[in-house]
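J.: Below are the structure tokens for one structure; questions will follow.
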Amino acid sequence: MNLSFLGINGSIQSKESGNVSFIAAKSSHFILFETSGALCSDIRKAGFDPLNLDAVIISHCHIDHIYAFPSLIHNLWLLGRKRALPVFANPDAIEKAKMLFNLFALPQKRDMFAVSFNAIESEQFAAGEFHIKPFAVEHCFPTTGFSEASGAFTYFADCNVSWSIPAFCNKTKVLIHEAGGTADEEKALNEKGHSSARQAALRAKQINASKLCLVHLPFDVDPCAMLAEAAYQFSDVTIPELLEKIEIGLENG
Ligand SMILES: [Zn+2]
Ligand SMILES: [Zn+2]
């Protein structure tokens, strides 16, 4: 099983990266978390065929997480996709995805493949080769975190630290956590529904994660400062390199 990050920035894109989105794969097939950036291009750069996309998962309906959704569907249609594509998100984000789908008259395209919009709350669901447990996190809008059911990875999307982490996130191998800045700005970050790098590291320690990936980064804060304050709390922390596979070892193979 592996993860590939297509983007790691928060709302504002930088020279180095677009907004956060990432792939989880067990084979040549994969699922996509968040829809931002030049997705088909980035999926190819990560070594995957866009047509092998099995499911799309969106954490919430803020623009940096959802804007590329209609373009992704349009690209897949132009590439000749036939099989259905399931989309999973909380009811707010599903509504926004449907609006974008309809805004560009995508359902009316000739031979458009079926896009199934699944509004999820807390029930585990199957997405391609993965089983995913969703849970609510605390942000300024209804937002969902996701944990891979075997414990390989957990994604805390945009969130502060004032919510209780479900027990099933404990001992996740990789915690993907947003970090909107350093501890100097913690109060303001928390008020806006975000976390500092220090707080992300404390959460990783709290749930006994093996590894922490900081994402949803600000474009104007030194990443070294964020890494340093996180590393002070939690040893195995990284800012993922774009498009590089992060392998997640599983106990039984
Ligand atoms: Zn965001
Ligand atoms: Zn947000």
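The values are calculated or read from the model by the stated rules, or taken from the named source; none is laboratory data. All values derive from a computational prediction rather than experimental measurement. Quick reminder, even Gly has a Cβ in these numbers, built from the backbone with ideal geometry, and neighbours come from all protein chains shown.
J.: Restricting the first residue to the range 54-66 and requiring it to be assigned by TED's automatic domain parsing to the domain that holds ILE23, which pairs with a second residue that is assigned to a helix (DSSP H, G or I) and more than 9 Å from ligand 2 (Cβ to nearest atom) meet a Cβ separation below 6 Å and a spacing of at least six or different chains?
T.: Final answer for the pair search is ILE58/ILE66; ILE58/ALA93; HIS60/ALA93; CYS61/ASP92; CYS61/ALA93; CYS61/LYS96; ILE66/LYS96.
J.: Would you say SER195 is outside any helix (DSSP H, G or I), more than 14 Å from ligand 2 (Cβ to nearest atom) and under 23 Å from ALA93 (Cβ atoms)?
T.: No: the conditions fail for SER195.
Conditions tested, residue by residue: (1) under 24 Å from ASN9 (Cβ atoms); (2) in contact with a Cys (Cβ under 7 Å, 6 or more places away or on another chain); (3) not in a strand (DSSP E or B).
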position	(1), (2), (3)
PHE88	yes, no, no
LEU100	yes, no, yes
PRO107	no, no, yes
ARG110	no, no, yes
PHE113	no, no, yes
SER116	no, no, no
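J.: For the range 18-74, give me the residue count where each residue is within 16 Å of ligand 2 (Cβ to nearest atom), among the aliphatic types (A, V, I, L, M) and not in a helix (DSSP H, G or I).
T.: 4
J.: On the basis of being of a type in the set (D, E, K, R) and surrounded by fewer than 16 Cβ atoms within 10 Å (Cβ to Cβ), does GLU185 make the cut?
T.: Taking the combined requirement at face value, the residue satisfies it.
J.: For the condition away from ligand 1 (no atom under 16 Å from the Cβ) and crowded, with 20+ Cβ neighbours inside 10 Å, what is the one hit in ILE57, ILE94, ILE66, ILE73?
T.: The match here is ILE73.
J.: Inside the range 1-17, can you point out the residues that are touching a residue at least 60 places away in the same chain (Cβ under 8 Å) and either in a loop (DSSP other than H, G, I, E, B) or farther than 18 Å from LYS245 by Cα (or both)?
T.: Of everything in the range 1-17, those that are touching a residue at least 60 places away in the same chain (Cβ under 8 Å) and either in a loop (DSSP other than H, G, I, E, B) or farther than 18 Å from LYS245 by Cα (or both) turn out to be MET1, ILE8, GLY10, ILE12, GLN13, SER14, GLU16, SER17.
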